[in-house]
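Notes for the one structure printed next.
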């Protein structure tokens with residue numbers, strides 16, 4: 001084929017395409033505008049992909065939480081006319097637990113023969129019982145004994161410690177006391193967690209200690225303390241100790257995350273330890289100068305009411321504690337603990 | 001065609017960021033020994049060096065753990081914000097033991113400046129705590145000894161009477177090493 005033929009072939013191209021071709025080859029009349037458009041398009045695509053990625057991440061989180069187990073509701077049915085809160089005062093912590101439980105109708109009202117029960121004290125700190133940062137070991141041991149007497153087939157005692165678990169479980173005296181009373185003590189090692197659906201306002205999912213997934217009944221055994229960030233700690237805040245992972249995330253909105261966790265757990269019963277309370281420098285404490293001997297145990301199924309009672313022991317108003325206010329709004333209980341049918345037992 | 005290639009290339013960084021964010025959600029808890037930021041290397045070394053002292057009547061049991069702002073929540077939980085508000089830099093923590101096997105915990109907070117250290121000391125001072133005899137800017141309560149010096153705020157906590165007895169001497173040794 002000659003050059004002439006090639007040109008001849010070009011002549012056969014329709015005029016419209018030639019115009020298009022000439023447009024492409026012609027110098028761009030506004031190169032800056034095209035460059036801006038190109039950058040803009042790429043930026044929009046990048047933003048879109050980030051947005052899509054975040055949306056997918058959130059949707060995946062939601063979708064995944066649907067497939068995860070939720071914790072059971074461990075509450076028992078209310079009994080008409082029964083005492084709703086019992087407060088026992090006296091020098092013997094174990095006797096206070098027994099007396100308060102008796103006033104509530106006995107442990108048999110809450111735990112049935114053959115059930116598996118998890119007991120959750122505060123074992124967060126490398127501190128002695130006298131330093132009042134953890135639940136009193138005598139209180140924990142007495143709860144274990146009462147649960148065993150009610151016929152439980154399995155009793156776990158566990159917590160996610162803030163300080164090294166080995167030190168906390170030993171120094172607090174709880175491991176020794178709970179084992180002696182017949183419980184299985186579960187330390188929070190990496191194999192002890194199961195992922196569950198939290199479905200809270202802030203927390204979607206969480207890794208919780210396995211006894212909370214497997215148990216038929218849950219008993220909360222917190223200690224009353226001043227707390228630097230939340231103002232106070234007691235029943236509701238004690239559920240921080242079921243979760244693994246970094247604590248800093250939980251503290252970004254402490255009051256709401258407390259309520260999220262409390263709404264997930266729904267315990268059978270709460271035995272609040274105010275044998276010794278930490279009035280300052282909580283939650284860690286250390287100095288006995290910050291500790292006040294109160295010789296008090298309060299028992300109820302209403303965690304908000306117990307926290308309101310505990311706030312009073314610390315000299316605080318429940319209205320000033322965000323997690324109590326939010327907990328009441330979320331329907332977890334009442335801050336007006338005196339409105340409950342209460343029995344107070346002196347020493 | 002070039003736009004498509006450009007768009008694909010532009011998608012790579014956000015995809016990587018998204019992937020890292022997703023993996024971060026599953027990341028294990030932060031290491032308790034936090035890597036030093038280059039600007040704070042000297043300060044970290046100085047903090048660690050405090051624990052190299054020969055303490056009268058007590059010896060460091062294990063390694064010294066350093067905690068930064070994030071890690072502080074894993075050590076003192078909800079007490080962390082009052083330190084962070086006061087420009088806390090890093091915490092050095094170690095357990096010491098006496099020859100008889102009594103334990104005490106030594107927490108030294110590097111608060112970056114003398115003023116910050118003074119501020120946290122004032123904030124945490126228990127109304128019922130007594131000033132330590134012959135030791136300015138220090139209080140001693142049963143089982144504890146707390147003082148501030150230079151940019152450091154130090155809390156010593158004992159677990160029995162034997163450990164409590166060595167707290168002032170340990171505090172004095174630490175203070176001598178603090179510049």
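The values are calculated or read from the model by the stated rules, or taken from the named source; none is laboratory data. No experiment lies behind these values; they were computed from the predicted model shown. Here the Cβ is made from the backbone with ideal geometry for all residues, glycine too, and neighbour counts use every protein chain on show.
Okay, here's what the table says:
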read-out: Residue count, the stretch A:151-184 (criterion: surrounded by 19 or more Cβ atoms within 10 Å (Cβ to Cβ) and either more than 14 Å from chain B (Cβ to nearest Cβ) or in a helix (DSSP H, G or I) (or both)); value: 15
read-out: Residue match in the stretch A:206-226 (condition: more than 10 Å from every other protein chain (Cβ to nearest Cβ), out of contact with any helix residue (DSSP H, G or I) (no Cβ under 9 Å at 6 or more places or on another chain), outside any loop (DSSP other than H, G, I, E, B) and closer than 25 Å to residue A:114 by Cα); value: yes
read-out: Subset of the stretch A:330-341 (residues that are in contact with a helix residue (DSSP H, G or I) (Cβ under 9 Å, 6 or more places away or on another chain), touching a residue at least 24 places away in the same chain (Cβ under 8 Å) and on the phi < 0 side of the Ramachandran plot); value: A:330, A:332, A:334, A:335, A:336, A:337, A:340
read-out: Filter result for the condition that a residue is at pLDDT 95 or above, over 25 Å from residue A:248 (Cβ atoms) and either surrounded by fewer than 20 Cβ atoms within 10 Å (Cβ to Cβ) or more than 14 Å from chain A (Cβ to nearest Cβ) (or both), over B:66, B:50; value: B:50
read-out: Qualifying residue in the stretch A:230-250 (condition: assigned to a strand (DSSP E or B), touching a helix residue (DSSP H, G or I) at 6+ places or on another chain (Cβ under 6 Å) and more than 11 Å from chain B (Cβ to nearest Cβ)); value: no
read-out: Test result for residue B:140, closer than 21 Å to residue A:292 by Cβ, part of a loop (DSSP other than H, G, I, E, B), touching a residue at least 12 places away in the same chain (Cβ under 8 Å) and in contact with a helix residue (DSSP H, G or I) (Cβ under 9 Å, 6 or more places away or on another chain); value: no
read-out: Residue among B:123, B:162 that is touching a residue at least 40 places away in the same chain (Cβ under 8 Å) and either under 22 Å from residue A:128 (Cβ atoms) or buried (at least 20 other Cβ atoms within 10 Å of the Cβ) (or both); value: B:162
read-out: Selection within the stretch A:243-255 - within 10 Å of the chain's Cα centre (by Cα) and farther than 16 Å from residue B:79 by Cβ; value: A:243, A:244
